[in-house]
Amino acid sequence: MSTSTAPSPADTEQQTVRPDRKRTRWHYDVIGLVTAVVMAFPVYWLIISSLRPNHEIRSYDQTLWPSSLTFDNFARAVKQENFATAVQSSLIVSVTAVLGGMVIATLAALAIGRFRFFGRKALLMILILVQMLPPTAMLIPIYAQLNAMGGLDEYWGLIVVYLVSTLPFAVVMIRGFVVNIPVELEESAMVDGCTRMGAFRRVIFPLLAPGLAAASIFALVNAWNEYLFAYILINDNSKYTLNVWLMTFTTERGTDYGALMAASTLIALPVVVFFMIIQKKMATGLTSGAVKG
């Protein structure tokens, strides 16, 4: 004789909820797809416009795909005056700001995360509050200070601005990794004969790599794509960064939109390549560093 059990109220509720959940997920999928298309469309239009002939770019009848493709825009962009010096300026400023910022941020994060001193929590709070200030609010004081120090039209003046602007975020992120590394690991390495610097290099630094990757991509994007401070603080044409150099495509005769789009595409490539190289470490850094702290 077989016995059958009646479904419990929980099972009945679960069966009635599932169709609603499926419909909700379907709505979320549509919303996510639309959002992705909206965000990707400007990038797509930038690349397609860089491959369009100039007469087609100026036409009122625009299509999603050009009638013909051309690389003349890239040739004109590369041949534009001061292109090589602009690349050199952007590399000098960005690489120096990123490397310097990561060194200082790592040391500061170690100090805040490892040592106990008066005002440590207040310092961390100040770093977070400073990050909330808009850059335009500090433009005039920074300009006046650099003018008094002779930093206008100098690489080091722009490097200092970019380096300082990325420090709060980098310190807070790297500190999240420092507090998650057990002190016993460092002490064990020192017991085995390592100096404090040796323990940091062999034990601590490899564990900080994901956080450094995430902080470095933020610092690089900030320095490579920044326009306002570079435009205000650098007036020498031979020291223009790439974003300021884009102004040269607009003259009294008009704007060469094809070459401008091609140059913008070329400028975006280094950051994209760098991000693709460290994207796995960056994803780990954005999540692991926020577990504790």
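Would you mind telling me the share, in percent, of accessible area of segment 35-85 contributed by carbon and sulfur at probe 1.4 angstrom? In segment 35-85, the share of accessible area belonging to carbon and sulfur is 69 percent.
Once the C-beta distance of W156 and I181 is scaled by a Förster radius of 30 Å, the resulting FRET efficiency is 0.35 to the nearest 0.05.
Distance between the 7 Å Cα→Cβ label points at I128 and I104: 2.2 nm.
Around the amide H of E154, modelled in the peptide plane, lies no amide H under 5 Å away from a residue 5 or more places distant or on another chain. For labels at R25 and R202 in the simple 7 Å Cα→Cβ model, what's the distance in nm? Rounded to a tenth, the inter-label distance reads 5.0 nm.
Between the C-alpha center of segment 198-228 and that of segment 74-150 there is a gap of 13 Å. Per residue, the accessible area of the chain comes to 62 Å² when a 1.4 Å probe rolls over the protein heavy atoms. Couplings 3J(HN,Hα) of segment 27-33, computed from phi: 5, 5, 4, 5, 4, x, 5 Hz, in residue order, whole Hz [Karplus 6.51 cos²θ - 1.76 cosθ + 1.60, θ = phi - 60°; x for Gly and Pro]. Ranked by solvent-accessible area (1.4 Å probe, protein heavy atoms only, all chains present), the residues E184, E252, E154, E226 order from largest to smallest as E252, E184, E154, E226. Karplus-derived 3J(HN,Hα) values for segment 52-65, using 6.51 cos²θ - 1.76 cosθ + 1.60 with θ = phi - 60°, are 7, x, 4, 5, 6, 5, 7, 6, 7, 8, 8, 10, 5, 10 Hz; glycine and proline are entered as x. Calculated FRET efficiency, L64 to T251, Cβ-Cβ distance, R0 = 25 Å: about 0.25 to the nearest 0.05.
Of the solvent-accessible surface of segment 178-269, computed with a 1.4 Å probe over protein heavy atoms with every protein chain present, carbon and sulfur atoms account for 61 percent. Apolar share of the accessible surface for segment 106-161: 74 percent from carbon plus sulfur atoms, 1.4 Å probe. Every helix of 4 or more DSSP H residues in the chain counts as -39500 (n - 2.57), and over all residues that averages to -23500 deg cm²/dmol at 222 nm.
Label point of E81 set 7 angstrom out along Cα-Cβ; within segment 230-273, amide nitrogens under 17 Å from it belong to 235-242, 244-256, 260.
Projecting label points 7 angstrom from Cα along Cα→Cβ for V37 and L91 puts them 4.1 nm apart. Would you please give the FRET efficiency between M276 and A209, computed as 1/(1 + (r/R0)^6) with r the Cβ-Cβ distance and R0 = 25 Å, to the nearest 0.05? Calculated transfer efficiency: 0.90. Summing charges over all other residues whose Cβ lies under 12 Å from the Cβ of R120, with Lys and Arg as +1 and Asp and Glu as -1, gives +4.
Derived scalar couplings between HN and Hα for segment 180-193 equal 8, 8, x, 5, 4, 4, 5, 5, 5, 5, 6, 5, 6, x Hz in order, rounded to whole Hz, by the Karplus curve 6.51 cos²θ - 1.76 cosθ + 1.60 (θ = phi - 60°), x for Gly and Pro. Over the chain, what relative contact order in percent results from Cα pairs under 8 Å that are six or more residues apart? Value for the chain: 29 percent.
Take the alpha carbon gyration tensor of the chain, find the square roots of its eigenvalues, order them as a ≥ b ≥ c, and report rounded if a/c is under 1.5; if not, report prolate when a/b exceeds b/c, else oblate. Oblate, because a/c is 1.5 or more while a/b does not exceed b/c.
The values are calculated or read from the model by the stated rules, or taken from the named source; none is laboratory data. Note that this is a predicted model, so its numbers are computed, not measured. A quick note on method: Cβ atoms are made from the backbone with ideal geometry, for glycine too, and the neighbour counts reach across all protein chains shown. These accessible areas exclude ligands, DNA and RNA; they are computed on the full protein's heavy atoms, side chains included. Shrake-Rupley method; radii C 1.70, N 1.55, O 1.52, S 1.80 Å.
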